[in-house]
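The values are calculated or read from the model by the stated rules, or taken from the named source; none is laboratory data. Keep in mind that this is a model prediction, so the values were computed, not measured. As a convention, Cβ positions derive from the backbone with ideal geometry for all residues, glycine included, and neighbour counts pool all protein chains shown.
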Amino acid sequence: MKVFYDDRQSVAANSSFSPSAEKPAKVLESWHKLDIPFEVCSFKPLTIDEMALAHDRFYVDGIMSLEELNGFGNQNPEIAAALPWVCGSMVAAALHTYITGELSFSPTSGAHHACYAHGMCYCSFNFLAMAAIKVHQAGADTIGILDLDCHHGNGTVNIIERLGLNYIRHYSFGEEFLKRGSDAEDWLMRLPDIVSSFR
């Protein structure tokens with residue numbers, strides 16, 4: 001499996017309750033200990049223009065210049081420096097799979113609460129939406145985002161609606177969890193139909 005990872009996408013000291021910023025390095029460390037076979041692939045960080053494909057440009061500039069609070073509620077320069085790499089990892093993995101059909105992985109977290117013009121809940125930039133936009137630009141007619149977090153992917157919904165990204169098929173388990181409660185067996189039975197609905 002191809003894993004798109006760079007040390008620059010992981011931040012150890014974040015002064016935040018959430019460990020999301022340091023998860024990429026910890027995931028790879030865990031996989032090495034478990035002897036899981038994978039190939040680390042290089043990629044380029046996203047530019048500010050590319051990150052602004054999914055966000056208000058003033059918001060992106062504010063985060064990157066440390067004038068705005070990031071999704072962690074701070075102005076940590078290490079977080080700002082990591083964000084182009086975090087976003088680049090997801091975009092690179094998505095493009096690789098679209099172009100080659102090969103399985104790929106981006107060890108990233110903290111995206112689906114990031115809205116068009118603000119971050120929240122430890123999410124600064126919505127690299128899910130960025131990846132969908134870039135894959136669409138590469139030629140895909142329809143892109144599915146299957147969000148299996150127990151929290152609602154409100155930021156992804158906000159960006160899709162704000163930018164009119166009608167080519168994205170988005171499913172958020174968290175939204176359903178809030179409405180129906182947790183019934184894992186029932187949900188797993190319905191998952192194939194949910195995925196099929198993306199077509």
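Answer with yes or no whether Ala82 is touching a Lys or Arg at 6+ places or on another chain (Cβ under 8 Å) and modelled with pLDDT of 95 or more. Write out each step before concluding.
Working: touching a Lys or Arg at 6+ places or on another chain (Cβ under 8 Å): yes; modelled with pLDDT of 95 or more: no.
Against the criterion (touching a Lys or Arg at 6+ places or on another chain (Cβ under 8 Å) and modelled with pLDDT of 95 or more), Ala82 does not qualify.
Note on the range 28-68: residues that are closer than 19 Å to Tyr122 by Cβ and in contact with a Ser or Thr (Cβ under 9 Å, 6 or more places away or on another chain) amount to 1.
Only one residue in Asp141, Asp183 is modelled with pLDDT of 80 or more, at negative phi and over 14 Å from the mean Cα position of the chain (by Cα). Which one?
On the way: Asp183 fails: modelled with pLDDT of 80 or more.
From the options Asp141, Asp183, the qualifying one is Asp141.
Between Lys23, Lys2, which is in contact (Cβ under 8 Å) with a residue 12 or more places away in the chain, among the basic types (Lys, Arg) and within 18 Å of His113 (Cβ to Cβ)? Checking each option against the conditions leaves just Lys23.
So which residues in the range 47-78 are surrounded by 24 or more Cβ atoms within 10 Å (Cβ to Cβ), over 19 Å from Ala132 (Cβ atoms) and of a type in the set (A, V, I, L, M)? Across the range 47-78, the qualifying residue is only Ile63.
Count of the range 79-100 residues, restricted to those that are surrounded by fewer than 20 Cβ atoms within 10 Å (Cβ to Cβ), under 20 Å from Ile168 (Cβ atoms) and either without any contact (Cβ under 8 Å) to a residue 60 or more places away in the chain or among the charged types (D, E, K, R) (or both), is 4. Restricting to the range 123-138, count the residues that are without any contact (Cβ under 8 Å) to a residue 40 or more places away in the chain and over 24 Å from Phe72 (Cβ atoms). Residues in the range 123-138 being without any contact (Cβ under 8 Å) to a residue 40 or more places away in the chain and over 24 Å from Phe72 (Cβ atoms): 2 in total. On inspection, Phe72 does not qualify as among the aromatic types (Phe, Trp, Tyr), at pLDDT below 95 and under 14 Å from the mean Cα position of the chain (by Cα).
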